[in-house]
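Let me begin by presenting the structure, written as structure tokens, before commenting on it.
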Amino acid sequence: MKILLSNDDGYRAEGLQALKEAIAPLGAVTVVAPDRNRSGASNSLTLDVPIRTARYDADCYYVNGTPTDCVHLAISGLFDFEYDLVVSGVNDGANLGDDTLYSGTVAAAVEGRFLGLPAIAVSLCVEPGSPRNFAGAARVAASLVQRLSVAPLQGPVVLNVNVPDLPDDQLLGIRVTRLGARHRSKPIVRAQDPRGRNVYWVGNAGEGQDAGPGTDFHAVAHGFASVTPLQIDFTRHAALPELERWLST
């Protein structure tokens, strides 16, 4: 089994190293990751400048581009072999609910799905003072990879996995969930640079709003890893007849 690993925190990230160590026994692993932190890059591709790659270890490469660039290059001609699976992470922070729209971690997995492969995005839901147990989250990802190798899901699929930052003996299991939703983000943070010019930071993400039973928020808050199957079709199919009527009046 040939497995492509990527992330959005950059090739030096602790979570990526933990993921590589956990996945390596399951197949032939290649890492292609951004050369720096590209969190929040979403599904962006670099189209205005050339993309460069460099090897930093055996079967490990960094790219001066986005997570989507990394996966696209790796699958679309950088190597002379085909992959069976894409795994992205372990992200340094949750990718719950609305986060999936912005997440470079999820975007790397989605790009694998666009190119015909099953894919997993895995994130560690760190909190201030929590143990940062990347190895535990990586083991959850490895268990899913092993299960996929034995019993593949039908068609290319994206699994969004969020693991609470708990010691292994406190993780209660895995739950299948749907995406919840957050309250709107906090206001922007205004500051000044050393020359007195205004600069702005994007505010922190809002707390969970749709976070009840069955959501990824609820599972993680109660000590379970959440696994949410994602779909790429953004069409709101139920609204099509109403839109037809609206345009015909």
**Fill in**
With a 1.4 angstrom probe the carbon and sulfur portion of accessible area for the chain, in percent, totals 52 percent
**Prompt:** Magnitude of the Cβ-charge dipole of the chain, K/R +1 and D/E -1, about the Cα centre, nearest 20 debye?
**Reply:** 420 debye
**Fill in**
Of the residues Gly15, Gly77, Leu148, the Cα lying farthest along the dipole of the chain towards its positive end, which is defined by charges on the beta carbon of Lys, Arg, Asp and Glu, belongs to Gly15
**Request:** Specify whether the C-alpha gyration tensor of the range 14-128 places it in the rounded, prolate or oblate class, a ≥ b ≥ c being the square roots of the eigenvalues: rounded for a/c under 1.5, otherwise prolate if a/b is larger than b/c and oblate if not.
**Result:** rounded
**Prompt:** Which of the peptides 151-160, 35-44 is most tightly packed, and how do the rest follow, judged by the mean count of other Cβ atoms within 10 Å per residue?
**Reply:** 35-44, 151-160
**Fill in**
Of all stretches in the chain that avoid GluC sites (Glu not before Pro) placed in a DSSP loop and having at most 14 other Cβ atoms within 10 Å, the longest is 83-206
**Message:** Using a 10 angstrom Cβ neighbour count of at most 14 plus a DSSP loop assignment to flag exposed chymotrypsin sites (Phe, Trp or Tyr not before Pro), which longest range of the chain is free of such sites?
**Reply:** 82-233
**Message:** From the phi angles alone, apply the Karplus equation (6.51, -1.76, 1.60; θ = phi - 60°) to the range 74-84 and give each ³J(HN,Hα) in whole Hz, x where the residue is Gly or Pro.
**Reply:** 4, 8, 9, x, 5, 10, 9, 9, 9, 8, 9
**Complete:** Diffing the range 139-146: the Karplus 3J(HN,Hα) column from phi (6.51, -1.76, 1.60, θ = phi - 60°), in whole Hz with x for Gly and Pro, holds 5, 4, 4, 4, 5, 6, 4, 4
**Request:** Can you bin the range 93-249 into rounded, prolate or oblate? Criterion: square roots of the alpha carbon gyration tensor eigenvalues sorted a ≥ b ≥ c, rounded for a/c under 1.5, prolate for a/b above b/c, oblate for the rest.
**Result:** oblate
**Request:** State in Å² the accessible area per residue of the range 79-237; use a 1.4 Å probe, count heavy atoms of protein chains only, and round to the nearest integer.
**Result:** 55 Å²
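The values are calculated or read from the model by the stated rules, or taken from the named source; none is laboratory data. Note that the structure is a prediction, hence the values are computed from the model and not measured. Don't worry about glycine lacking a Cβ; one is built from the backbone with ideal geometry, like all the others, and counts go over all protein chains shown. Surface areas here come from the heavy atoms of the whole protein model, side chains and all, with no ligands, DNA or RNA. Shrake-Rupley method; radii C 1.70, N 1.55, O 1.52, S 1.80 Å.
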